[in-house]
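What follows is calculated from the coordinates using simple rules that are stated; it is not laboratory data. This structure is a prediction, so every number in the text was calculated from the model and none was measured. So basically every Cβ, Gly included, is an ideal-geometry build from the backbone, and we count neighbours across all protein chains shown.
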Amino acid sequence: MAEKNKSNFWGNLGDVYASLGGISAIFSSSYFILSIVLSLMGWRSIFVDNDINSWTTTIIAIFPSLAGFSIAAFALLFALLDQRTKELLGKPSERFGGNSPLMIVVSILTHALIVQVVAILYALSFQMKPFPDFLGISLWANKAFAYLGIWITFYGVLLMIAVVLTIFKMVELLNKPHPPHTD
């Protein structure tokens, strides 16, 4: 039986997150947890000051640049690697759960970029019009979705630290002595 073609949106997302250790690895990451803590600290802006829109301005102002940085990190990564190094870093390792170091790095960069693009789309759609008033429910729905927006703002920014540290780890791996090349 032929393997099902996973070259589609959901299949590709599944591959990215499987190489990161699954969704549970994302939820338990220090970046994810810290973003929740930081967004909890911003509760006053939504629930006391009733400011449900300011986070959208922040995302639209800074996230395109952050996404550009993530794309540049991809370019830098592949510019630094010659074919031999790609082969060395492309070998699966038990240390990385059966994935290669190169796949882990690419997955981290991809995850950061996905979160940044989703944040931009989320902010743009929220700016168009928060939920209309319907039996008084919209006030709390808008606040809940605004809180989610504050969280994704922090998470997207914190993932830039992950991107920078990933680049650092890659350069660190490249500076370690490699076994002699045999043909």
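What to note about this one:
- Estimated [θ] at 222 nm from DSSP helical runs (n ≥ 4, -39500 (n - 2.57)) normalised by residues in the chain, nearest 500: -24500 deg cm²/dmol
- With each label modelled as a point 7 angstrom along the Cα→C-beta vector, the Ser125-Ser30 pair spans 3.3 nm.
- Residues Ser35, Ser45, Ser28 arranged by fewest to most Cβ contacts within 10 Å: Ser28, Ser45, Ser35
- Checking (i) 20.1; (ii) 19.4; (iii) 18.6 against Kirkwood radius over Cα pairs in Å calculated from these atoms, the matching label is (iii).
- Angle between the chain longest axis and helix 137-175 axis [Cα atoms, degrees, rounded to 10]: 20 degrees
- In plain terms, the residue of Trp10, Trp151 with the fewest other Cβ atoms within 10 Å comes first and the most crowded comes last, giving Trp10, Trp151.
- Pairs of lysine residues in the chain - Cα separation under 29 Å, sequence separation of 8 or more or cross-chain: 9
- Stretch in the chain that is longest and holds no trypsin sites (Lys or Arg not before Pro) that DSSP places in a loop and that have at most 12 other beta carbons within 10 Å: 7-183
- The chain: angle of helix 101-128 to the longest principal axis, Cα-based, in degrees nearest 10: 20 degrees
- Taking 0.36 nm per residue of separation and subtracting the current Cα-Cα distance, fully stretching the chain between Phe69 and Val37 would add 9.0 nm.
- Using alpha-carbon coordinates, inclination of helix 54-80 to the longest axis of the chain, degrees: 0 degrees
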